[in-house]
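Below is one structure, written out as structure tokens, with a few remarks after it.
The values are calculated or read from the model by the stated rules, or taken from the named source; none is laboratory data. Predicted model only: the values in this text are computed from it and were never measured. As a convention, Cβ positions derive from the backbone with ideal geometry for all residues, glycine included, and neighbour counts pool all protein chains shown. Protein only, heavy atoms only, side chains kept; ligands, DNA and RNA dropped before computing areas. Shrake-Rupley method; radii C 1.70, N 1.55, O 1.52, S 1.80 Å.
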Amino acid sequence: MDDITKFTHKPTLHGRKVVLRPFTEADVPVMAAILDDPDVLRFTGSDEDEGGSADESAAAALHTWYTTRNDQNDRLDLAVVDRASDEVVGEVVLHEWDPANRNCRFRTLIGPKGRGRGLGTEATALIVGHGFEHIGLHRIVLSVFAFNPRARRVYEKVGFVAEGVEREVLRRGDGWADATSMSVLAHEWRARQDS
């Protein structure tokens with residue numbers, strides 16, 4: 001399977017608590033509600049005024065975004081489904097793919113119905129494992145804001161290592177917030193799986 005096919009194929013990944021699967025049109029209103037959640041807006045660094053997908057143009061853009069995720073050949077966007085309720089509770093994404101260096105970025109967001117039960121940790125581990133074991137990535141990187149220690153703990157549990165601080169990358173009210181750049185390498189992932 002060549003590199004492009006590895007990202008073109010949109011798998012369904014099964015864990016004990018979650019299923020990661022390609023987005024469907026029925027997921028659009030669910031994701032709209034998740035993206036309007038104040039915690040999602042804050043932890044993703046979005047302006048709280050950016051919520052409100054009830055605006056017609058924003059709703060149309062959101063519909064276009066989620067109904068075209070499966071057509072992308074340079075990224076992998078998957079819905080996070082809670083196995084207990086069969087509800088979409090968020091998303092995981094491998095994006096900004098650098099094929100020459102087999103690197104990409106990771107991002108995730110989990111809505112209110114998916115928090116506090118380990119769903120985000122399992123979803124992160126599933127997509128990272130897929131990136132290394134099936135796509136053949138060498139390095140996966142992310143950034144996490146300093147005001148989101150819960151997410152940082154999830155990333156550390158999965159094997160991400162802090163690389164450095166991105167100083168004052170986000171304006172918050174009258175102040176600024178730092179972010180930490182974190183990464184995990186394929187050989188580190190394999191060593192964790194073997195231990």
(message) I'd like the Karplus ³J(HN,Hα) series for region 116-128: coefficients 6.51, -1.76, 1.60, θ = phi - 60°, whole numbers in Hz, and an x wherever there's a Gly or Pro.
(response) x, 10, x, 5, x, 5, 5, 4, 4, 4, 5, 6, 5
(message) Quick one: 3J(HN,Hα) in Hz for region 14-28, Karplus 6.51/-1.76/1.60 with θ = phi - 60°, rounded, Gly and Pro as x.
(response) 10, x, 6, 9, 9, 10, 9, 8, x, 6, 10, 4, 5, 7, 4
(request) Could you check how much of the accessible area of the chain is carbon and sulfur, as a whole percent, using a 1.4 Å probe? (result) 49 percent
(request) Mind giving me the FRET efficiency for Glu156 and His134? R0 is 22 Å, r the Cβ-Cβ distance, nearest 0.05 is fine. (result) 0.40
(message) Please enumerate, by chain and number, the lysines with C-alpha under 25 Å from the C-alpha of Lys113, excluding those fewer than 8 residues away in the same chain.
(response) Lys10, Lys17, Lys157
(message) Restricting to DSSP H runs of at least four residues, report the calculated mean residue ellipticity at 222 nm for the chain, -39500 (n - 2.57) per run over all residues, nearest 500 deg cm²/dmol.
(response) -9000 deg cm²/dmol
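Note the full-extension length gain between Arg192 and His14 as 0.36 nm times their separation in residues minus their Cα-Cα distance, in nm to one decimal.
62.1 nm
On average, how much area does the Cα convex hull of region 64-159 cover when viewed from any direction, in nm²? All intermediate terms of the calculation are to be shown ahead of the outcome.
Details: hull surface 27.4 nm².
Mean shadow area of the hull around the Cα atoms is 6.8 nm².
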(request) Kindly report the accessible area of the chain per residue (heavy atoms of protein chains, probe 1.4 Å, no ligands, DNA or RNA), in Å². (result) 52 Å²
(message) Just to check I understand the Karplus step: with θ = phi - 60° and J = 6.51 cos²θ - 1.76 cosθ + 1.60, what whole-Hz values come out for region 156-172, glycine and proline as x?
(response) 5, 4, 7, x, 5, 10, 5, 10, x, 9, 8, 6, 6, 8, 9, 7, 10
(request) State the three equivalent ellipsoid semi-axes of region 133-172, derived from the C-alpha gyration tensor as the square roots of 5 times its eigenvalues, in descending order and whole Å. (result) 23, 13, 9
(request) For the chain, set up a Gaussian network in which alpha carbons nearer than 10 Å are linked by springs, and say which option among Gly131, Gly118, Gly90 fluctuates the most. (result) Gly118
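Would you mind calculating the gained length between Ala26 and Ala58 on full extension (0.36 nm times residue separation, minus the Cα-Cα distance), in nm to one decimal?
Length gained between Ala26 and Ala58: 9.8 nm.
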(message) What does DSSP give for region 33-171 in terms of the percent of beta bridges that are antiparallel, rounded to the nearest 5?
(response) 80 percent
